[in-house]
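Every number here is computed from the coordinates shown, using simple stated rules; none is lab data. Bear in mind the structure is a predicted one, so any value in this text is a computation, not a measurement. Methodologically, a virtual Cβ is constructed for each residue, glycine included, from the backbone with ideal geometry; neighbour enumeration extends over all protein chains shown.
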Amino acid sequence: MTAGALPSPFEALAASYDGTFTSSRIGTRMRRAVWRRLDAAFVPPSRVLELGCGTGEDAVHLAKRGVFVLATDAAEGMVAEARAKVERAGVADRVTTRALDAARLDEIHLEGPFDGAFSNFGALNCVPELAAVSAGLSRHVRPGGRVLLCLMGRYVPWEWGWYLAHGNRKAAFRRLVRGGAEWRGLHVGYPSLRELHRLFSPGFRFLGARAIGVLVPPSYVEEWAARHPRLLAALDAVERRVEALPPFPSLADHVLVELERR
Ligand SMILES: C[S@@+](CC[C@H](N)C(=O)[O-])C[C@H]1O[C@@H](n2cnc3c(N)ncnc32)[C@H](O)[C@@H]1O
């Protein structure tokens with residue numbers, strides 16, 4: 001294992017992640033919603049830092065638009081998948097990959113400062129020390145730079161309804177358990193929007209928050225979504241119109257927080 005990597009349950013998921021999430025109907029729609037915001041925030045030829053890049057889907061997307069990305073992840077298997085995808089896409093001149101535990105961001109040397117940074121789909125829920133991420137991003141992102149963070153939300157009515165309807169009360173309310181949940185040996189936290197605001201306000205101005213998955217269901221509802229493609233498309237269309245309106249960002253499967261380095 002290299003210096004920046006962590007023993008991680010994501011190692012075992014790296015090869016199947018794109019099949020189960022990235023190319024799912026729900027995952028595709030959610031990612032498209034995030035890309036709209038990434039594309040608005042990062043214009044070529046800016047250089048951005050990605051935390052928890054997984055298989056590199058977002059890094060490749062941005063690189064194809066002319067953005068330079070340092071794509072990092074704590075799981076070496078994910079970094080390897082990302083590297084292979086970058087090479088297949090022919091954007092190796094714009095994307096560098098590296099094993100990096102985001103919790104160590106405030107102590108590690110990187111070739112910065114970066115024009116911006118982002119993290120997508122819950123990578124930062126796996127980092128208990130979000131204050132260190134906040135301090136690290138303050139260190140590595142230039143003043144005025146944008147930071148977009150997409151984390152799993154805490155209050156998710158879709159999830160409550162789905163699991164209660166299936167008689168699983170524990171799963172319905174797992175995100176509300178004090179101190180977070182354990183998943184395959186990894187601690188997963190579900191900070192509220194208010195907590196994120198508090199954690200990142202020392203170095204960042206809060207520009208807004210958007211709901212990713214408030215009407216569109218969580219990804220484990222994929223089978224239902226496959227049976228109701230037109231309803232899924234309609235829910236997505238309405239969600240895109242209301243995504244920034246309170247209280248929707250606080251009630252979504254994921255929340256996308258947009259920050260500006262002070
Ligand atoms: C649900 S996946 C999301 C991957 C990718 N961002 C995407 O949009 O598909 C979460 C990722 O976070 C990574 N991760 C978990 N803990 C991490 C940490 N402490 N530092 C950096 N990455 C971490 C995992 O290895 C995994 O690739």
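At-a-glance table
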{"item": "Two-site FRET efficiency, S16 against A181, from Cβ-Cβ distance with R₀ of 22 Å, rounded to 0.05", "result": "0.50"}
{"item": "Interchain or long-range residues, amide H under 5 Å from G145's placed H", "result": "R261"}
{"item": "Over the chain: Kirkwood hydrodynamic radius from C-alpha pairwise inverse distances, Å", "result": "18.5 Å"}
{"item": "Relative contact order computed over the chain (Cα-Cα under 8 Å; 6+ residues apart), in percent", "result": "20 percent"}
{"item": "Overall form of the range 155-262 per C-alpha gyration tensor (a/c, 1.5; a/b vs b/c)", "result": "oblate"}
{"item": "Within the chain, percent of DSSP bridges classed antiparallel, to nearest 5", "result": "50 percent"}
{"item": "E111-V238 pseudo-label distance in nm [points 7 Å out on the Cα-to-Cβ vector]", "result": "4.9 nm"}
{"item": "Inter-label distance for F206 and L231, nm, one decimal - labels placed 7 Å from Cα along Cα-to-Cβ", "result": "3.5 nm"}
{"item": "Gap separating the Cα centres of the range 87-138 and the range 184-203, nearest whole Å", "result": "16 Å"}
{"item": "Among G189, Y163, L105 the positive-end extreme of the charge dipole of the chain (Cβ point charges)", "result": "Y163"}
{"item": "Percent of alpha-carbon pairs separated by more than 17 Å within the range 1-110", "result": "54 percent"}
{"item": "Charged-residue dipole, Cβ positions (Lys, Arg, Asp, Glu), the range 10-261 about Cα centre, Debye nearest 20", "result": "720 debye"}
{"item": "Between the range 31-69 and the range 161-179, the Cα center-to-center distance that results, in Å", "result": "33 Å"}
{"item": "Qualifying GluC sites (Glu not before Pro) for the range 169-256 [loop in DSSP, other Cβ within 10 Å: at most 16]", "result": "none"}
{"item": "R88 paired with V43, simple spin-label distance in nm, labels 7 Å along Cα-to-beta-carbon", "result": "3.2 nm"}
